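Report on the following structure.
The values are calculated or read from the model by the stated rules, or taken from the named source; none is laboratory data. Everything numeric here is computed off the predicted structure, so don't read it as measured data. Positions of Cβ are generated from backbone atoms using ideal geometry, with glycine treated the same way; all protein chains shown enter the neighbour counts.
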Amino acid sequence: MVVKVFVVDDSAVVRQALAHMLSGNPEVELIGSAPNPLLAMEMIRKNPPDVLLLDIEMPGMDGLTFLRQIMSGTPIPTVICSTLSTEGSRVALEALSAGAVAVLAKPKLGLKQHLEDSRREMIQTLKTAAKSKPRLRVAGTEPVAARPAGATRAPVLSSVHAFAMNKPVVIGSSTGGTQALELVLTSLPADAPGIAITQHMPEKFTAMYAKRLDGVCAMNVREAKDGDRLERGVVLIAPGGLHMQLRKSAGQYYVHVVDGPPVNRHKPSVDVLFRSASECGGRDVLGIILTGMGDDGARGMKVLHDGGARTIAQNEETCVVFGMPKEAIKLQAVDDILPLEQVARAILQFDSRA
C-alpha cells in the first residue's frame, strides 16, 4: 500500500523540502500541497489523502482551526509538523487533543538538513498514521485555564481506601496517548494512587502537557524531576529526552530521572519505567500500556507480569494505534484487555484490594 500524503504549510521552502524527501520513497506519495487551509480544503475534498502533514502556525485560518474542522466531519489521520517554540509547543499539544496522531519537530534553522536527517522517522510516522484510527475530541479536551490555587476538580469516580498504602501505577503510551491519558486521568479522584507515566513526547512538550493536565485533573500532575516522591494524588510524567525509573526507599516510592541512550528508539522509554517498577514494587504495582506504535513497553510489561504485578492493555477498538498493546499481548504479558473508558475504574479497583 502506497500512503498518499497531502502537505499544508505556508512556507514554500518546507513544501519543496518535503516534496524532495518523500519523492525518493516508494511507500509514500505526495499527492498535493497547499500554502494554507483554505486552498487545501477544496483540494482534499476532490482527492482525499491517507495522511495530512499539517503546519499549525499559518496566516488566515490556522492549522488548529483547520484540524478541528476536519475532525468534526470525516477525520483524516493528521501529523503536525511544528516548531518547538513555547507557543508552537502549546498549540501542538492542543492539536494532539483535537485529534492529531503525532507531532514532528520542525526547527527554525537548518530546516532542509533536519528534514533530511529525520527522513526515516517521518516516513515511519506517516505510514503508521495512515493505519491509525483518529478519534474525535474526547470530553474535557478543550483548552482550559490552569486550575486556580487551592481549587480541585470534582472527581468523576468515588474514591476508595483513601488512606491505604500507595500502590504505584505505571503507564506507558505513545501515538494517541495524549488524548487517552487525559480521559483516564480526568476520571480519577484527588486521592487516587500515585501514577508514573512515560508518554513518547519531544523535549519541551512534557512540561506544558503536564501543566495542561494539572488544570483539568483532580490529581496533581507535573513533569517529573529527579527525586520526586510518587505519592497518593500525584501524577509524574517523564520529561521528554530523559528516562524515568521508579525507586523505593524506606517504604516510599520516588523517581530517578536520568539521561542515557534511547531504548527501543525512545527516550523516555516505557521499558525503562516498567522494568524499574518491577524491581522495586513487584506485586504492589499496576502496569498499564495504552495506544502507541512500535513495541516499547512490551518486554517491560512481561517483566512486570512475571514478577506478579497486575497488567492491563488498552483494547484494539479504542486505540488510535494498537502497536504497543498488541506486542504486550503477544508476549502473554497482559492480565486484562480493556476499553479505554474502563481503565480509570480498573485503577481504583486495584487500589481497593488488600
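On the basis of being over 14 Å from Phe6 (Cα atoms) and in contact with a helix residue (DSSP H, G or I) (Cβ under 6 Å, 6 or more places away or on another chain), does Ala98 make the cut?
When the stated conditions are applied, Ala98 passes them.
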* Which residue pairs have Cβ atoms closer than 6 Å, lie 6 or more positions apart in sequence or on different chains, and pair a first residue in segment 330-351 that is outside the structural domain of Gly300 (by TED's automatic domain parsing) and over 22 Å from Met219 (Cβ atoms) with a second residue that is surrounded by fewer than 20 Cβ atoms within 10 Å (Cβ to Cβ) and polar (S, T, N, Q)? -> none
* Looking at this structure, is Ser85 surrounded by fewer than 18 Cβ atoms within 10 Å (Cβ to Cβ) and modelled with pLDDT under 65? -> yes
* Looking at (1) in contact (Cβ under 8 Å) with a residue 60 or more places away in the chain; (2) touching a Pro at 6+ places or on another chain (Cβ under 8 Å), which is the one condition that is false for Met61? -> (1)
